[in-house]
1. Do we find that A:Phe181 is aromatic (Phe, Trp, Tyr), closer than 30 Å to B:Ala102 by Cβ and away from chain B (no Cβ under 14 Å) in this structure?
2. Return the total of residues in region A:209-221 being open to solvent by 10 Å² or more (accessible area, probe 1.4 Å) and within 12 Å of chain B (Cβ to nearest Cβ).
3. Quick one: count up the residues across region A:123-163 that are under 17 Å from A:Phe33 (Cα atoms) and assigned to a loop (DSSP other than H, G, I, E, B).
4. Check A:Gly501, A:Gly484, A:Gly493 and return the single one that is farther than 16 Å from A:Glu360 by Cβ, touching a residue at least 60 places away in the same chain (Cβ under 8 Å) and open to solvent by less than 20 Å² (accessible area, probe 1.4 Å).
5. Only one of B:Leu12, B:Leu56 is over 29 Å from B:Ser141 (Cβ atoms) and more than 14 Å from every other protein chain (Cβ to nearest Cβ); which?
6. Can you tell me which residue among A:Lys727, A:Lys711, A:Lys731 is under 24 Å from the mean Cα position of the chain (by Cα), more than 30 Å from A:Gln190 (Cα to Cα) and open to solvent by 60 Å² or more (accessible area, probe 1.4 Å)?
7. Cβ contacts < 7 Å: first residue of a type in the set (Ser, Thr, Tyr), restricted to region A:160-186; second residue in a loop (DSSP other than H, G, I, E, B), any location; separation 6+ or different chain. Result?
8. Filter region A:232-257 for residues that are open to solvent by 10 Å² or more (accessible area, probe 1.4 Å) and in a loop (DSSP other than H, G, I, E, B); which is nearest to the other protein chains (Cβ to nearest Cβ)?
Amino acid sequence: MSTVKINGKEVTVKDGTLILDAARDAGFEIPTFCYQADLMGVGSCRMCLVEIEGQKKLQPSCITPVLHGMSIHTETPTVMSARASMLEFLLANHALDCPVCDKGGECELQDMVYKYGPHKGRHAEPKFKFQEKDYVLSPVIIKNSNRCVQCMKCVRVCGEVVGANVLGALGRGDHQEETSFLRSFLDCDQDGNCIEVCPVGCFMRLPYRYKTRPWDLKGKDTVCPYCATGCRMVIEERDGIVIRAKAQLGVGLNSETLCARGRFGFDFINSPERLTKPLVKRFGTLEPASWEEALGVIKDNFIAAGKNIGGIASARLTDEELYLFQKLFRSMLGSPNIDSSARWAPEAVEGFIKATGMDEGGASAFDCMESDTVLITGTHLSDENPVTDYIVRRISAGRAMNLVIASPRAMKLDSSASQIVRHNAAAEGHLLDAVTLSVYGGNVDKLRDVPGINRIKDARQDDLAGKAGCSADDIKAIARKLTGEGSVGLFAGTEFLRYPGSIPGLALLKNALKALGKKVTIIPVLDRANQRGAWEMGVHPGFGPGYSPVKERGMGCADMLEAASSGELQALYVVQSDIVAMHPDENFVRGALSGLKFLVVQDCFMSETARLANVVLPASSFAEKDGILTNQEGRAQIIRKLLPPPVKAKRDIDIIRAVGETFDRSFGPKNPVLVLDEIRKEVGMYGEVSLAFNNKRNVDNKLDLKEALVKPAGLAEGLNASGLETKLEPKTDEHPFLLATGNHLFHSGRLSRKSPTLIGLLKNAIVEISAEDASALGLMNGDKVRIKGRYYEAYATLHTRSGSKGGVAFIAENYDDVPVNRFFRRGEGVPRVSITKA
Amino acid sequence: MSGKERLNIFELIKKVVFTDFVKGLSITLGYNVRGSMTLKYPDQEKWIPYKRFRGLHTLNRDENGRELCVACELCSKACPTQCITVIPMEDDTGRGISDRVAKVWKVDLVRCLFCGYCEDACPTRAVRLGRDYELACSDSSCNLKQREELLVPQSVPESFEGGVVAASTFEASPAGLRVKADLTKTKKRPW
């Protein structure tokens, strides 16, 4: 500890604390441009100069650590005049086109000059200009270097947080320009974090360009609706049109960072394709109808269907809506058939919940990153959950730890890893089994009683490693890291749900490490905003709210469709889920849905599923409702309503309640707040969850709000995790690639395909294979290729990735032009495809 | 005592020669010989206000005909009655002096109190309160003035000194009533 005097006030801080942090903690304000808590200090802007007694020159406080006994002055006339002079120099060449600049009104330079600056400049010379016109840097970024203050935040955030490393500085001194290599068009993650950190109007959003002034905007705090990282953001509207989404410094776990989807993908809200009134099918066509008529038709048909009814709700709805949805089915319609995923088997979900310990309450990703060894497996983290990737990159760079990444596909995060393992696709289980076996080899006594160890005890290491497709040395190295000193963190992704045969391997590894007395923190990495909330609200055929056991086990999505095609299930209520596009084997889904007597679809858009419906109800987007979303860590976070639903559309919670009220007037609770009260009462996990959050810009970056994590459920005994296996089509010479799927970096499900900006980033489908495979086939990046499976073929653009494991072709699930689920055939496992030049 | 007496004599003389009466009558007679002060508005004469007058808003162009307005919205921010709405857009075809131009610039004259804060706030001197003051109409449609209308130069150019009475003609057409002033035929104000 060091004791220093700041402006005469004595404070005691940790050794090595920066003067800036110490002064801010002591309540003194020091202006900065280039300082940001997460980024490496560069001390380039010189706004934070302070006077230290005994030193002749002023010192930059953002890179000078305190020394015991220092006496620091932050508000002397010398310091004030230094600040004013710095600003005068910045303004010497600053464009001063504030009336035109998009940042005008929220510009840090404006604020700073207003507060500290000289209100008259003495530089009469013509200003230096980098360029006459703003230039477009990417489909979403436009740049005007004349306004630059050389703080280098954009370059640092691009390299240190995003890991894209596409920005750098050209030139020296005040002719230094932060831009792409030779100002070329950027081919990067397009996440716009450079825009968010820029204190002036140098990097700007292209879709937001010249639309408004910041003071015209009305904003509400919300949570990104795409992946389950749960990034806090603010969406802002003018005249009923949402025109900006931004993240705030020190607010939420993401702080200022967002990915391309979050920052630019909100504009589906304004889409002209939104459904605005209820539609009822008459003589084969869907025609507009009133709410009364639509609800009347629903009531008649639900009564006719009796208990032979099922419900599928999207994992993007709020917790309140999902709770009411399961209540509607379980207590009003008397049917146990509900599910929240069109993609995953209910048993796999139960196994995954058990293996990742989601029933043991929430776990913070920051805590997980505090572990000494972190293993990331079963997810392409950089593409699926970009902001989780930023957190991992930032924290792993700042401390000594092991980061092991096991994935068949190369990813951006690999550069941060201490060990990278490329295993075969769908072989996560074999890899983890091999690791566990290696751990077992050295600790037979301690691990003898671990449940499930008998499954692998007698296996041969070489066999398992061979199945996983990696070398025994790699596996030994992982095992050595996991069994070394300290705690273990695991990020386990959706591949485990896609290939359920891997789940026992995950569970076994966790149990084995726990048996060795290690602290194991597991973060499930999910890809739908409220997937975890959907499970915790009991929208699952196998368990109720808070993972409580159910009296009667219902049917999951696949079973419901099976029952529908055999005529057993008569009615289906689908809320914001596009099962035709998402369930493996599209033809089977279409056949099954046509076998239904009655299909109700409640959605924002005319999805493929909605086209088959008897009644379509117009629902609302995340900007049009209040509620809470639970992210992958189990953090419950509030979203707030910014706009009313368009025309006659309604909030999903109102629609679900209205459907319930046609049977019983007292169905409720009547509004989201009362539903939340009921959730708090009924679901123990949510009883004491704090929904408060700090939405003020917060320079300390205290991001980890642990009170928001859900509590342990302690009820998960009833989870049925049996019968987990991964089925793959047998490998043939005709179809050498195993088809992997997931989300593309710019898209999440089919919802993001309604966003014009995201479509602008990636319009047509791409198929990704490793660069080695491509060169063996004589194909090049960007070639048009034909992808042929046993049941479907399609054309797409080839994207090659160097460093990926061979034999895997990746097609994201997002494209409507190449619906990846058509390659699948029910009961035949993960398909294999061939790729040839078109 | 003598002073008091003298005063009385002075008063007496005033009364004998009707001084007050003549004084009053001279003002009355003066009006008889001076011309009429009534402005023959609208059919013969029209008052052209001084430069400082604050009438209907006008949006100016530069010497090359480009719009000066950069749609910075400072006028609408400065407006105490919030009667100005500005929506910007991008247009780099040379319509305006910058690539940021106004898509919408409208003012609600019913709410406007002609305080002139908008022209003070304007960084490019694009918005000025001009010298058109005949704003009355028989329905509320004319209360909302749009950009297109305001960009048309007003009848009194900014360089014109004002503070004079101009000869005018009164035109009643189906399009409305108009008082057209002839700025070449002006005379000093008669008062």
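The values are calculated or read from the model by the stated rules, or taken from the named source; none is laboratory data. Quantities reported herein were computed from a predicted structural model and do not represent experimental measurements. A quick note on method: Cβ atoms are made from the backbone with ideal geometry, for glycine too, and the neighbour counts reach across all protein chains shown. Surface areas here come from the heavy atoms of the whole protein model, side chains and all, with no ligands, DNA or RNA. Shrake-Rupley method; radii C 1.70, N 1.55, O 1.52, S 1.80 Å.
1. For A:Phe181, the condition - aromatic (Phe, Trp, Tyr), closer than 30 Å to B:Ala102 by Cβ and away from chain B (no Cβ under 14 Å) - is not met.
2. 6
3. Counting residues in region A:123-163 that are under 17 Å from A:Phe33 (Cα atoms) and assigned to a loop (DSSP other than H, G, I, E, B) gives 5.
4. Result of the check over A:Gly501, A:Gly484, A:Gly493: A:Gly493.
5. Of B:Leu12, B:Leu56, the one residue that is over 29 Å from B:Ser141 (Cβ atoms) and more than 14 Å from every other protein chain (Cβ to nearest Cβ) is B:Leu12.
6. Criteria check complete, one pass: A:Lys711.
7. Here the result reads A:Ser180/A:Val166; A:Ser180/A:Leu186, each pair linking region A:160-186 to a residue that is in a loop (DSSP other than H, G, I, E, B).
8. This residue is A:Asp239.
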